[in-house]
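Trainee: Sending over a structure as structure tokens; questions will come in a sec.
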């Protein structure tokens with residue numbers, strides 16, 4: 001009984017203290033602390049943008065923020081913009097999900113099987129260095145101008161980053177931790193699911209975040225070159241505005257892309273904070 005109590009106390013030392021429920025005032029303070037740097041950065045960009053516009057430098061190319069935001073508001077009132085955002089996000093989520101499954105499986109296999117790592121470990125990194133535009137001819141030959149072609153391009157761009165994140169995460173697991181797992185009876189899939197994946201999670205999530213950036217780059221590149229009839233997208237709107245030399249609309253679409261990217265970064269940031277808190281690396 002004494003030994004059980006001692007072990008329970010030692011286990012508690014490895015865990016972060018349970019988070020306390022914050023009051024309304026504390027939640028507002030935390031929200032403001034998180035928001036004001038972003039608001040200050042937006043205000044600074046707005047002021048610099050307006051000053052450049054007022055000085056007349058590149059005036060014909062760079063419209064002012066007021067004109068651009070008015071244009072963005074008008075586009076938001078049309079169903080076309082929201083339809084385009086929906087189509088683009090659907091492609092991004094599906095492509096990223098497929099890349100996540102493939103990259104995770106390949107990464108874990110390569111990390112745990114030395115001959116497989118020797119065979120294709122460097123190839124994964126080599127694939128990650130290829131620009132996504134290089135896969136467009138293969139995608140069109142294999143799938144034509146279709147949804148599947150865009151998903152293929154996303155997978156080839158994002159899966160290597162996820163695989164490398166999984167490999168790096170497994171590589172940095174302390175050998176003593178693996179031995180401890182085997183001592184308590186973990187083997188095969190049980191060892192992978194209950195020990196390897198949780199221990200590799202911080203680096204793995206970093207690879208997932210990098211893979212999302214590759215997903216977004218590959219998707220917009222594909223939408224500019226793989227045109228699907230009757231399906232509007234952010235890439236199609238962007239190319240159409242550029243072809244018409246409509247700079248306010250072009251910059252408005254760029255702002256939409258930026259907002260979506262920031263939203264995803266915030267989501268990954270919350271996940272990273274939760275992992276660090278669970279690992280006892282930060283307070284609640």
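The values are calculated or read from the model by the stated rules, or taken from the named source; none is laboratory data. From a predicted model like this one, the values you see are computed outputs, not experimental measurements. Note that each Cβ is placed from the backbone with ideal geometry, even for glycine, and that neighbours are counted across all protein chains shown.
Here's the yes/no breakdown for (1) closer than 26 Å to residue 233 by Cα; (2) part of a helix (DSSP H, G or I):
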residue	(1), (2)
128	yes, yes
133	yes, yes
170	no, yes
180	no, yes
186	no, no
207	no, yes
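Trainee: Only one of (1) modelled with pLDDT under 85; (2) in contact with a helix residue (DSSP H, G or I) (Cβ under 7 Å, 6 or more places away or on another chain) fails for residue 229. Which number is that?
Mentor: (2)
Trainee: Of the residues 54, 44, only one is over 29 Å from the mean Cα position of the chain (by Cα) and not assigned by TED's automatic domain parsing to the domain that holds residue 220; which?
Mentor: Details: 44 fails: over 29 Å from the mean Cα position of the chain (by Cα).
Going through 54, 44 in turn, the sole match is 54.
Trainee: If you check 119, 111, 157, which single one turns out to be in a helix (DSSP H, G or I), crowded, with 16+ Cβ neighbours inside 10 Å, assigned by TED's automatic domain parsing to the domain that holds residue 170 and over 21 Å from the mean Cα position of the chain (by Cα)?
Mentor: 111
Trainee: I would also like to ask the following. Can you go through 189, 224, 219 and tell me which one is out of contact with any strand residue (DSSP E or B) (no Cβ under 9 Å at 6 or more places or on another chain), modelled with pLDDT under 85 and farther than 19 Å from residue 110 by Cβ? Please lay out each step first, then the result.
Mentor: Working: 189 fails: farther than 19 Å from residue 110 by Cβ; 219 fails: modelled with pLDDT under 85.
Among 189, 224, 219, only 224 is out of contact with any strand residue (DSSP E or B) (no Cβ under 9 Å at 6 or more places or on another chain), modelled with pLDDT under 85 and farther than 19 Å from residue 110 by Cβ.
Trainee: Something else about it: Would you point out the residue of region 254-276, among those that are over 19 Å from residue 208 (Cα atoms) and touching a residue at least 60 places away in the same chain (Cβ under 8 Å), that is surrounded by the fewest Cβ atoms within 10 Å (Cβ to Cβ)?
Mentor: That would be 255.
Trainee: Tell me the residue from 139, 166 that is touching a helix residue (DSSP H, G or I) at 6+ places or on another chain (Cβ under 6 Å), more than 18 Å from residue 106 (Cβ to Cβ), part of a helix (DSSP H, G or I) and in contact (Cβ under 8 Å) with a residue 60 or more places away in the chain, please.
Mentor: Numbers: 166 fails: more than 18 Å from residue 106 (Cβ to Cβ).
The conditions single out 139.
Trainee: Is there a residue in region 238-247 that is touching a residue at least 40 places away in the same chain (Cβ under 8 Å), closer than 30 Å to residue 64 by Cβ and over 24 Å from the mean Cα position of the chain (by Cα)? Before the answer, list the steps.
Mentor: Here is the first cut: in region 238-247, the residues touching a residue at least 40 places away in the same chain (Cβ under 8 Å) are 247.
Then keep just the ones that are closer than 30 Å to residue 64 by Cβ; that gives 247.
Pick out the ones that are also over 24 Å from the mean Cα position of the chain (by Cα) and you get 247.
The answer is yes, given that some residue of region 238-247 is touching a residue at least 40 places away in the same chain (Cβ under 8 Å), closer than 30 Å to residue 64 by Cβ and over 24 Å from the mean Cα position of the chain (by Cα).
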